[in-house]
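*Asks:* Next up is a structure, given as structure tokens.
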Amino acid sequence: MYTKTIKMPAMKDSNIVKIAVEMTDQVPQLIEFNQKQPLAGIIQELCNGWGLSDPDRFALQFSENNNHNYITEKNRNEIKNGSVLRLEHSPSKTASDILTKLNVGNGDEKTVALEKLSKLSTDVTFALEFINKQGLALIISQVEAGKWKTSALAHSLQSFVELMDHGIVSWDILESPFINKVASYVNNQATPQDSKVVEASLSILENIVLNSSGKYGQVEKEVTFPNLVMHLQSLSPQIQQNAIALINALFLKADLPKRRAVAATLQSKQLRLVFLTNVIQSTGQVGSEMAHQLYVLQTLMLGLLEQRMMAKMDPQDQDAHDKIKELRRIAFDTEGSVSSDVTARKQGHFATDYKKLGFKYNINPAKDFTETPPGMLALDCMVYFARNHMESYTKVVLENSCRADEHECPFGRTSVELVKLLCEVLRIGEAPSEQGQSYHPMFFTHDHPFEEFYCVCIVLLNKTWKEMRATTEDFVKVFSVVREQITRALQSKPTGLDKFKTKLQQLTYSVITNLWQQERTNREECESHAKPIIQLREQITPEILDLIQQQRLGFLVEGTRFTKYTAKGLRTKDKFWYVRLSPNHKVFHYGDCDEKSVPTIDELPTKLAVVEIRGLLTGRDCPHMKDLQRRKTTHQLAFSLALDSVEVTSLDFVAPDEQVFDYWTDGINALLGNRMTSKETENDLEILLSMDIKLRLLDAEGIDIPQDPPPIPENPPHYDFCYELNAGDHRQNSQEDKG
């Protein structure tokens, strides 16, 4: 007997990476970079290797992918095996050298220093040193004095943008002379400017508008709209992009009357042609950042419709009443009958006409416009359709007047619902998101884009209604098809309303149903409706629901930080509280906290026993949401615990997002013995069920599962085969035992 010693390979130290370090006029060094060793020690060793004194004057920089950032204790973990670094002068010495050149150097030296500054300013470590040495103040004073020209000016303005972008200094420090000077580079069309100067100037003005507290008015006064339009015709996409970004910033900060004035200018034929020809280039294909700026502009423009969308019909609004009468007159009065109409017709005849027009309240159609959204915007669109597309309007109305009541497509009611649908599809009233890029080139082709959009869609709706042979009971079904037709047509990014209309004509009801069927087939390709699978699904559903319930309760045990709200549902700035469920699921612990802390249960002073909870309230049923007026999202994320306590009747919450709202309401329902009803539960149940079933069916892959289980075979005539098998096994085992 002998033992064999197996030598295990040495474990690699994950903190050590092998890298190369370069330095100008020196032979590169290959070193092992220890993440646990202080940077100062590593730099000391590198300086010793190259015979350099005073290592405090040096620092390491990344040198790959145009990343010249200095390496600090915060970002050193980004160094990987095979990385190439550079040893350069430290940020402090580099900043001092650049400032020396800017103060006493000759013209060429200053230009080189400014070029280097524009590259290094993206690094926050360098930026801090440069700003602390009054470098930013020097750039501002030199720009104000007009000391730099051409490329030197371009580099100085680019450096200024990068230095300010770190948020170290407030944009409020800028005074009128600097703003005026930068604005002059945007306004001066007579003297050709370096494109980089214009690009940086537009960016600076945009940031001043968005980030300063009181400088918006000066920028608005200095930069004229025609000059911004001139930059939209630039050959530089970056200048176009920055010009639109500045227009968006001015639009965002303006009051409503100014917004409407700007929108009217932007929707003029001359400006729309500029956008289509120079910016969108008629293909609708632009860069991602340009797409974002166009999306923001479109969102802001469409957002002007929100006021009408949220306005209810005022019974005293004579103009609105006249518009309703105009809808009736255009539809039913022939030429020459207007004068006799006033005397001959009675109120009953008007009510009949309003019924034919498809109003829900034919006696008083004004009531049809009291729901918000779409409010008065629906009436605006209907009147626009009647005035500008009279032939299509009368055709739609009269066709439905001739149909049987149950098959008519009521113009009034469907118009209100359609405008509401279009507002949802286009997200009218929502603020632009930081990531949004979805814009529609066709909205830049008309001075009344939304109204024209509605006109195309109302004709589509009537066509689809006829194709489906729908009745008024099919209202919801028809609108689900119409929504699908509109959204699919928009996804094709039509460059004009005519192309949008053509795309809609291709998406008939039968095409949509075929597409739905195909998509459903594709989704269910890996699924089966066979009875065994259905039985398996029913069998494991309780297990999955129990798993989801445990996850929700675990989420409550981990706790959540909530923003504090007043009793009237108003957000309290910088006030937070934290709520946790005890591990035994019997007590809630809660108390105040700051924005970043995650207090333990012992740090939360107030307790609430679960047995004291009488029920769960959500949305506007919550006590702190009852007085809320015209708030869009807060009440949707609100929930309250109704308590049996006399002193405190409820504990009120507003979740930070929909997922937290769903998790908390699910967890509370689980504690109260109620069914979990959130969308998150539905989604989790569907996903987990699908995954579980697929995992269980892996062994059956490639086997056709019949719709019905095979019949159970008849009993065999005898069971001798079992006895023989067992006897054989017994004899074999006995022989093995003897052996």
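*Asks:* Quick check, is residue 659 farther than 23 Å from residue 431 by Cβ and open to solvent by 30 Å² or more (accessible area, probe 1.4 Å)?
*Replies:* No.
*Asks:* Then there's this: Of 592, 574, 602, which residue is open to solvent by 100 Å² or more (accessible area, probe 1.4 Å) and at positive phi?
*Replies:* 574
*Asks:* Let me ask you something else. Which ranges mark the helices (runs of 4 or more DSSP H) fully within the range 271-332 that have 2 or more residues being among the basic types (Lys, Arg) and surrounded by fewer than 18 Cβ atoms within 10 Å (Cβ to Cβ)?
*Replies:* Passing ranges, in order: 318-332.
*Asks:* Restricting attention to the range 369-392, and to residues there that are within 12 Å of residue 330 (Cα to Cα) and charged (D, E, K, R), which single residue is nearest to the chain's Cα centre (by Cα)?
*Replies:* The extreme case among them is 387.
*Asks:* While we're on this one: Quick test of your reading of the structure: residue 544 fulfils all but one of (1) open to solvent by less than 70 Å² (accessible area, probe 1.4 Å); (2) of a type in the set (Val, Ile, Thr); (3) under 28 Å from residue 426 (Cβ atoms); (4) assigned to a helix (DSSP H, G or I). Name the failing condition by number.
*Replies:* Every condition holds for residue 544 apart from (3).
*Asks:* Name every residue in the range 32-62 that is open to solvent by 30 Å² or more (accessible area, probe 1.4 Å), in a strand (DSSP E or B) and either among the polar types (S, T, N, Q) or at pLDDT 90 or above (or both), in order of residue number.
*Replies:* Within the range 32-62, just 34 meets the criteria.
*Asks:* Of the residues 150, 125, which single one is among the hydroxyl-bearing types (Ser, Thr, Tyr) and touching a helix residue (DSSP H, G or I) at 6+ places or on another chain (Cβ under 6 Å)?
*Replies:* 125
*Asks:* Another question about this same structure. Suppose we filter the range 143-167 for residues that are in a helix (DSSP H, G or I) and on the phi > 0 side of the Ramachandran plot; how many remain?
*Replies:* 1
*Asks:* Residue by residue through the range 500-540, note down the ones that are at pLDDT below 90 and of a type in the set (Val, Ile, Thr).
*Replies:* 521, 533, 534, 540
*Asks:* Moving on. Taking residue 256, is it farther than 18 Å from residue 209 by Cα, modelled with pLDDT of 85 or more and not small (Gly, Ala, Ser)?
*Replies:* Judged against the criteria, residue 256 is not a match.
*Asks:* Continuing with the same structure: Identify the residue in the range 210-229 that is closer than 19 Å to residue 267 by Cβ and within 31 Å of the chain's Cα centre (by Cα) and, among all such residues, is surrounded by the fewest Cβ atoms within 10 Å (Cβ to Cβ).
*Replies:* Per the stated criteria, the residue is 225.
*Asks:* From the list 685, 643, exactly one residue is in contact with a strand residue (DSSP E or B) (Cβ under 7 Å, 6 or more places away or on another chain) and either at pLDDT 85 or above or acidic (Asp, Glu) (or both). Which is it?
*Replies:* When all the criteria are applied, what remains is 643.
*Asks:* Looking at residue 140, is it touching a Leu at 6+ places or on another chain (Cβ under 9 Å), more than 24 Å from residue 241 (Cα to Cα), not in a helix (DSSP H, G or I) and not aromatic (Phe, Trp, Tyr)?
*Replies:* So residue 140 fails the test.
*Asks:* Scan 476, 456 and give me the residue that is assigned to a helix (DSSP H, G or I), farther than 25 Å from residue 390 by Cβ and of a type in the set (A, V, I, L, M).
*Replies:* Result: 476 is the single residue among 476, 456 that is assigned to a helix (DSSP H, G or I), farther than 25 Å from residue 390 by Cβ and of a type in the set (A, V, I, L, M).
*Asks:* In the range 418-425, is there at least one residue being surrounded by fewer than 22 Cβ atoms within 10 Å (Cβ to Cβ), charged (D, E, K, R), in a helix (DSSP H, G or I) and without any contact (Cβ under 8 Å) to a residue 60 or more places away in the chain?
*Replies:* yes
The values are calculated or read from the model by the stated rules, or taken from the named source; none is laboratory data. Everything quoted here is computed from the prediction, not taken from an experiment. Cβ sites come from the backbone with ideal geometry, for glycine too, and all protein chains shown count toward neighbours. All accessible areas refer to the heavy atoms of the entire protein, side chains included, with ligands and DNA or RNA removed. Shrake-Rupley method; radii C 1.70, N 1.55, O 1.52, S 1.80 Å.
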